[in-house]
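Let me begin by presenting the structure, written as structure tokens, before commenting on it.
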Amino acid sequence: MRAEEKSHEKRYTGIDFFRLAAALLIITIHTSPLAGISETGDFILTRIAARVAVPFFFVTSGFFLISRYNYQIGKLGAFVRKTALIYGAAILIYIPVNLYNGYFKMENLLPNLIKDIVFDGTLYHLWYLPASITGGAAAWYLVKKLDYKRAFAVTAVFYLIGLFGDSYYGLAEKNLVCSRFYALLFQVSDYTRNGIFFAPVFFVTGGFIADRKEEAACNETQCRDSEPRKMASVKDGVCFGLILALMLAEGLTLHHFQIQRHDSMYVFLPPCVYFLFSFLLQFRGKRHACLRDVSLIVYLIHPMMIVVIRMFAKLLQIQGLLVDNSVVHFLAVTAASVGFSVAAAGLWSRYGHRHKQRNTDTDRAYIEINLENLEHNVAVLGRAMPRGCELMAVVKAEAYGHGICEIAIHLDRIGVRAFAAATIDEGIRLRRCGIRGEILILGYTAPERARELRKYDLTQTLIDYDYACRLAEQGCTVKVHMKIDTGMHRLGFDSDFNIEEILCVFAMEHLVINGIYTHLCVADSLEEEDVRFTKQQIANFYGVLRQLKKEGIRIPKIHIQSSYGLLNYPELKCNYVRAGVALYGVLSTPDAQTKLQPDLRPVLALKAKVILLRFVPQGESVGYGRTFVADRDSVIAILPVGYADGFPRNLSGRDSYVLINGSWAPIVGRICMDQLAVDVTDLADIEVGMTATLIGSDGSETSDAPTVAMDSGSITNELLSRLGSRLGRI
Ligand SMILES: *Cc1c(COP(=O)(O)O)cnc(C)c1O
């Protein structure tokens, strides 16, 4: 899903541009441009200031890799694979340079080779890549197992240990134990500047900034103006400047007293990079993905360019001009590196991606999710709710067929903090994809799974008294919501008789009752009789609450309404509305009459490709049971979607239509498990490969889910929730 690309929030232009600046800073480290002018100036530039560059790359990687809502394990795998691939390629590219340097002639080649591959890099600058892999993975698991605070504490301790093996080594050396420890350490890795002591703290910082940003965005969804952002930007910029100055002072002091063994790590480096990154984050605008590729290639290739420039100068006998003048040398290496990288990135984007453009998801039949509409619906429902009432997004049944993780992650991103699932396993999936906040299990969970409820911090519904007792008996404290049966007679404590039992449950030691709710069974109807029944249900519920209050029980959070409950009884003042179907922008039936009629927009579309066009002569039949016989020479299009994908077989022979090329085409014959046929004889310009719309809009026409559902003899909820398993989603 390309949610990030589509998001209306602007891209991180500031970060994109600084990537290139950081790559150039790294070239300064390896060319010392100011060496010919001022020794101290060069030290300040290359040994202190330029040291922000690599940590900046780590924070950037952490920002996109490690944030809580992005805990799909696949992401780490992809990051590791990609980095390893680049590393492998870089090692191979530099073998000639290694040969030239006599690298392979060193003693103890194998152990050293292993050490270099794992920690130091086979050429001086390549350590960055293994450090990315180790540091990224370490930070990932730390944040996952602990929280940011503790992950930060752990990585900070490692950074501190690293410091004393780097810029502060002169102090550690004086202590016998310390110097032994570091001597041992340096046998394994030449520096502490690696994936264990150096990189993790920056990755954690990146993830932290990403999550903090999300939270901030959630808190100020209404005020999107730029004033607070400008203020924050100025503040971050000033802090960056101040801390950079402190870091310069730190570096010069250490240098003066000759304490440094190496000069990559400073006390002020992590806060410096933190503020630098936060500052750059505020600059939004166009995306410059090419800068990312160019800066990476510059980073990888510039040592090669140093060699090339030297050889070139030697060949032309212009060393005096090109190599000995440090500024010219730097500029030459930079020009060669950037020129090469732009050319390589250009070639790559032209030819490299071509075969990747294919999206296998859309080859056959697929669901298209419109997250902007989802966001719109959240806002519309929010406005319909009374003050203080919060949305509990019902994402059971694969989020009504929309894809539970994709939907929940996006809702989490835009600030939804309460979710409802039907089963414990759905709840666990939500946690695994990084969902925070409350997750209520609406249905039955075997009491024996209490430990899992607790482990994943899920809230279980108490479906009756016996269930509550059995759950409490597990001896494991779990959060629960108590469900009251006020007339639906499905799940819940009976509201008429069992006030004693309810009181008893409130006294149970292992149950933390955070909520109490009921469910309405005819809230969708505005018929007089149904309204009376619903009002009775509501009265029963409040009756229970009154009695509890009388008994001195503090009333936890309450909720009554689902989608129709909100639309027909918006005046109720509860803590939550459990909205399902309306959240996805549809109602259960096509001509639903509701008191509120908010502008909801469908989130889902179902599409399929025309895979075959066939000519069927008059009198021939199509499909199982030969239910359709062509009454004229016909053109039939085959769509690779069937009832196994959740498209109801019941629609066969019911005068149902799909949209192709903006026009309606009737479904003919029986819908099969994996295919269906439509008659396109009357449509012009139909070709194989065109996209048919089974649910959703095409041009000015719309095949809406409630109508399709009604035609199949069901309601939207069932239709959507069955589109579950086999369809790809984009
Ligand atoms: C499914 C469900 C909902 C959501 O219902 P919608 O009509 O889709 O909004 C709310 N509450 C309970 C108990 C449910 O089972």
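The values are calculated or read from the model by the stated rules, or taken from the named source; none is laboratory data. None of these values were measured; they are calculated from a predicted model. All Cβ positions, even for glycine, are placed from backbone atoms using ideal geometry, and neighbour counts span all protein chains on display. With ligands, DNA and RNA removed, areas are computed over all heavy atoms of the protein, side chains included. Shrake-Rupley method; radii C 1.70, N 1.55, O 1.52, S 1.80 Å.
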Can you pull out the residues in segment 546-569 that are touching a residue at least 60 places away in the same chain (Cβ under 8 Å) and in contact with a Lys or Arg (Cβ under 7 Å, 6 or more places away or on another chain)? His559, Ser562, Leu567
Determine whether segment 479-492 contains at least one residue that is among the charged types (D, E, K, R) and away from the ligand (no atom under 16 Å from the Cβ). yes
When only residues in segment 671-709 that are within 16 Å of the ligand (Cβ to nearest atom) and hydrophobic (A, V, I, L, M, F, W, C) count, which is farthest from the chain's Cα centre (by Cα)? Ala709
Can you name the residue in segment 540-569 that is part of a loop (DSSP other than H, G, I, E, B) and within 14 Å of the ligand (Cβ to nearest atom) and, of all such residues, is farthest from Met488 (Cα to Cα)? Tyr569
Which residue, of Ile439, Ile428, Ile424, is closer than 22 Å to Asn575 by Cβ and assigned by TED's automatic domain parsing to the domain that holds Lys483? Ile439
Okay, helices (runs of 4 or more DSSP H) sitting entirely in segment 386-456 with 3 or more residues that are open to solvent by less than 50 Å² (accessible area, probe 1.4 Å), touching a strand residue (DSSP E or B) at 6+ places or on another chain (Cβ under 6 Å) and among the small types (Gly, Ala, Ser), I get none
Can you tell me how many residues within segment 567-591 are open to solvent by less than 10 Å² (accessible area, probe 1.4 Å) and among the polar types (S, T, N, Q)? 1
Restricting segment 575-584 to residues that are of a type outside the set (A, V, I, L, M) and within 12 Å of the ligand (Cβ to nearest atom), the one farthest from the chain's Cα centre (by Cα) turns out to be Tyr576
Within segment 410-436, how many residues turn out to be within 22 Å of Leu606 (Cβ to Cβ) and more than 15 Å from the ligand (Cβ to nearest atom)? 1
So which residues in segment 447-472 are of a type in the set (Gly, Ala, Ser) and more than 31 Å from the chain's Cα centre (by Cα)? Ala468, Ala472
When segment 112-170 is examined, which residues are found to be charged (D, E, K, R) and free of Cβ contacts under 8 Å to residues at least 40 places away in the same chain? Asp116, Lys145, Asp147, Lys149, Arg150
Over segment 521-539, the set of residues within 21 Å of Asp496 (Cβ to Cβ) and within 16 Å of the ligand (Cβ to nearest atom) is Cys521, Val522, Ala523, Asp530, Thr534, Gln537, Ile538
Being farther than 19 Å from Ser588 by Cα and in contact (Cβ under 8 Å) with a residue 40 or more places away in the chain is the filter here; which residues of segment 380-390 pass it? Arg383, Met385, Pro386, Gly388, Cys389, Glu390
Picking from Gly62, Gly88, Gly77, which residue would you name as being modelled with pLDDT of 85 or more and either crowded, with 18+ Cβ neighbours inside 10 Å or in contact with a Pro (Cβ under 6 Å, 6 or more places away or on another chain) (or both)? Gly62
Strands (runs of 3 or more DSSP E) completely within segment 661-714 that count 3 or more residues being among the hydrophobic types (A, V, I, L, M, F, W, C): 663-668, 676-679, 691-698
Those residues of segment 716-730 which are open to solvent by 70 Å² or more (accessible area, probe 1.4 Å), in a loop (DSSP other than H, G, I, E, B) and within 16 Å of the ligand (Cβ to nearest atom) amount to Arg722
Pairs only if they're at least six apart or on different chains, beta carbon under 6 angstrom, first in segment 396-409 and more than 16 Å from the ligand (Cβ to nearest atom), second assigned to a helix (DSSP H, G or I) and of a type outside the set (Gly, Ala, Ser); list them, first residue then second. Ile409/Tyr69
In segment 457-470, anything in a helix (DSSP H, G or I) and touching a strand residue (DSSP E or B) at 6+ places or on another chain (Cβ under 8 Å) is listed as Tyr465, Ala468
Search segment 592-614 for residues being farther than 26 Å from Asp645 by Cα and away from the ligand (no atom under 12 Å from the Cβ), and hand back the single one that is least open to solvent (accessible area, probe 1.4 Å). Pro598
Matching entry among Asp631, Asp645 (being among the acidic types (Asp, Glu) and out of contact with any Ser or Thr (no Cβ under 9 Å at 6 or more places or on another chain)): Asp631
